[in-house]
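Take a look at the structure set out below.
Quick note: the coordinates plus some simple rules give every number you see, no bench work behind them. Keep in mind the model is a prediction, meaning the values are calculated, not measured. Backbone-built Cβ (ideal geometry, glycine too); neighbour counts: all protein chains shown.
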Amino acid sequence: MKQGISIAIDGPAGSGKSTIAKLIAVKFGYLYIDTGAMYRAITLKALQQGVSPQDEKSLAELAMGTKIVLRDEKQDKELKLRVFLDEVEVTHQIRSLEVTNNASAVAAVAAVRTNLVKMQRQMAAAGGVVMDGRDIGTVVLPHAELKLFLTASIGERSRRRFLELEAKGVSVTLAELEEQIRHRDFLDSNRQVDPLCQATDAIFLDTTSLTIDQVVEKIIELSLEKGAALDVCN
Ligand code: CDP
């Protein structure tokens, strides 16, 4: 029996998907699945093994023999995601600039996607999930009860990412970041396989001038309409 609805959140880099998805998952006591973290983990492994992000054959083999585990941990009503690649924790490593800049090329390889999409569907099979990515509403969970497409202006998305990186002590200029995000958006939206695209039945939310709380409130309202029940402990 399904233990709750499936909520699919798609959108470009910096649209606030993961921040929002984690907060929603806590509210409903759902599992949070960050599919971007899985593409990042495969990218990290390829970089560690010296496999070029353009070498499709080797990437396909690499993806087949890889174990990725996502572990949600709740600390004071806040959800933290830990990522394990072949049993080794890579939570922080997968956020490096090198991984970020190569993830879109790795994610464009069809065999990599087939493998990860299969894992993602298995992880979501019991229901009660919030999954975020680029192709969740269109490919991974086409029957999700609630689909959202989050976006924001490129300026706002770059500013959000800049603040995030600044807080981590990473030095990068706003202009550099905007260029990287534009490039990644272009690759993600124009690849042959499962490009970033709004599902026809997804609800479009422009978060440019909305606070996180406003977006979360809106999504809670929509989820309740679709049959989700709030977790009484949160
Ligand atoms: O958090 P951010 O928006 O920077 O990216 P992410 O969600 O961590 O995803 C990293 C990269 O993985 C994206 O730029 C996409 O190329 C790829 N990705 C994908 O192709 N399909 C998904 N479902 C999720 C991520």
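For this structure, a couple of remarks:
- Computed packing ranks the peptides 145-151, 108-114 as 145-151, 108-114, most packed first, by mean other Cβ atoms within 10 Å.
- Most mobile of SER58, SER158, SER171 in a GNM of the chain (Cα contacts under 10 Å): SER171
- Residues of type aspartates and glutamates that LYS22 reaches as a straight line, Cα spacing below 15 Å, ignoring anything fewer than 8 places off in the same chain: ASP10, ASP34, ASP72, GLU73, ASP76, GLU78, ASP132, ASP213, GLU217, ASP231
- Proximal aspartates and glutamates to LYS168, defined as alpha-carbon separation beneath 16 angstrom and excluding residues fewer than eight positions away on the same chain: GLU98
- For the options ILE219, ILE203, ILE136, a Gaussian network treatment of the chain with springs between C-alpha atoms closer than 10 Å singles out ILE203 as fluctuating the most.
- Taken over the C-alpha atoms, the chain has Rg and Dmax values of 16.9, 49 angstrom.
- Residue among SER171, VAL117, GLN54 farthest towards the positive dipole end of the range 50-193, charges placed on Cβ: VAL117
- Computed packing ranks the peptides 221-228, 15-22 as 15-22, 221-228, most packed first, by mean other Cβ atoms within 10 Å.
- The packing ranking, built from the mean of other Cβ atoms within 10 Å per residue, places the peptides 5-12, 30-37 in the order 5-12, 30-37, highest first.
- Helix-derived mean residue ellipticity, 222 nm - over the chain, DSSP H n ≥ 4, -39500 (n - 2.57), to 500: -14500 deg cm²/dmol
- Placing +1 on the Cβ of every Lys and Arg and -1 on the Cβ of every Asp and Glu, with no other charges, gives the chain a dipole of roughly 320 debye about its Cα centre.
- Too-long pairs where the Cα-Cα distance tops 25 Å, listed order kept, from LYS57/LYS118; LYS57/LYS147; LYS27/LYS147: LYS57/LYS147
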